[in-house]
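Have a look at the structure below before the remarks.
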């Protein structure tokens, strides 16, 4: 993921009445933006044209948020979320981003994003959520995931997802263990002696 530096700890507030609008091609390169978008980003219109949209990405944003965004809009569906952006001078600003695919024969050929200034409550909720996302990433323990701009608790389908990567023999062994008890697992997997002890 692109890391834009340096960053400051100074927040930039744009007027609530302003709408920040931009369009990109299918690869995410900026093809147009309005005056407000350029002013708030700190870049000129000419500096923005043709650049990847992640030019304004703030390093505090979790990659999971953008992975979810691209997965959603890539399916031709709109995505909304609270996003922390970086200005050209390193300051930051928060937006409520609404990204809509531009479709041609059902396939995305570009994207349009309209942004508003979020409330402080929305910003606080986003900061708390993104902190939890980072904790999950570091610990490797996942209780939820971002899906279409929303938080979705992980269910049994998500937890069993890794099963498709194991062999048929291992799947059958897990089935036997479920019926006969965990103690049967080493034998079902063909483990004997020291190998079986190591499994306990």
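Scan region 59-66 and give yes if some residue there is in the same structural domain as residue 121 (by TED's automatic domain parsing) and farther than 18 Å from residue 127 by Cβ, otherwise no.
Among the residues of region 59-66, not one is in the same structural domain as residue 121 (by TED's automatic domain parsing) and farther than 18 Å from residue 127 by Cβ, which makes the answer no.
Could you tell me whether any residue of region 28-36 is within 20 Å of residue 122 (Cβ to Cβ) and assigned by TED's automatic domain parsing to the domain that holds residue 112? Steps first, please.
Pass one, region 28-36, residues within 20 Å of residue 122 (Cβ to Cβ): 36.
Checking which are assigned by TED's automatic domain parsing to the domain that holds residue 112 leaves us with 36.
Within region 28-36, one or more residues are within 20 Å of residue 122 (Cβ to Cβ) and assigned by TED's automatic domain parsing to the domain that holds residue 112.
Let's see how each residue does on (1) in contact (Cβ under 8 Å) with a residue 40 or more places away in the chain; (2) closer than 15 Å to residue 24 by Cβ; (3) not in a strand (DSSP E or B):
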{"site": "64", "(1), (2), (3)": "yes, no, yes"}
{"site": "73", "(1), (2), (3)": "no, yes, yes"}
{"site": "80", "(1), (2), (3)": "yes, no, no"}
{"site": "96", "(1), (2), (3)": "no, no, no"}
{"site": "103", "(1), (2), (3)": "no, yes, no"}
{"site": "108", "(1), (2), (3)": "yes, yes, no"}
{"site": "111", "(1), (2), (3)": "yes, yes, no"}
{"site": "122", "(1), (2), (3)": "yes, no, yes"}
{"site": "127", "(1), (2), (3)": "no, no, yes"}
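Any residue that is part of a loop (DSSP other than H, G, I, E, B), within 20 Å of residue 57 (Cα to Cα) and either touching a strand residue (DSSP E or B) at 6+ places or on another chain (Cβ under 7 Å) or at pLDDT 95 or above (or both) - is there at least one of those in region 131-152?
For region 131-152, residues part of a loop (DSSP other than H, G, I, E, B), within 20 Å of residue 57 (Cα to Cα) and either touching a strand residue (DSSP E or B) at 6+ places or on another chain (Cβ under 7 Å) or at pLDDT 95 or above (or both): present.
Kindly establish whether residue 40 is in contact with a strand residue (DSSP E or B) (Cβ under 8 Å, 6 or more places away or on another chain), in a helix (DSSP H, G or I) and surrounded by 14 or more Cβ atoms within 10 Å (Cβ to Cβ).
Here the answer is yes, as residue 40 does meet what is asked.
The values are calculated or read from the model by the stated rules, or taken from the named source; none is laboratory data. Source: prediction; values computed, not measured. All Cβ positions, even for glycine, are placed from backbone atoms using ideal geometry, and neighbour counts span all protein chains on display.
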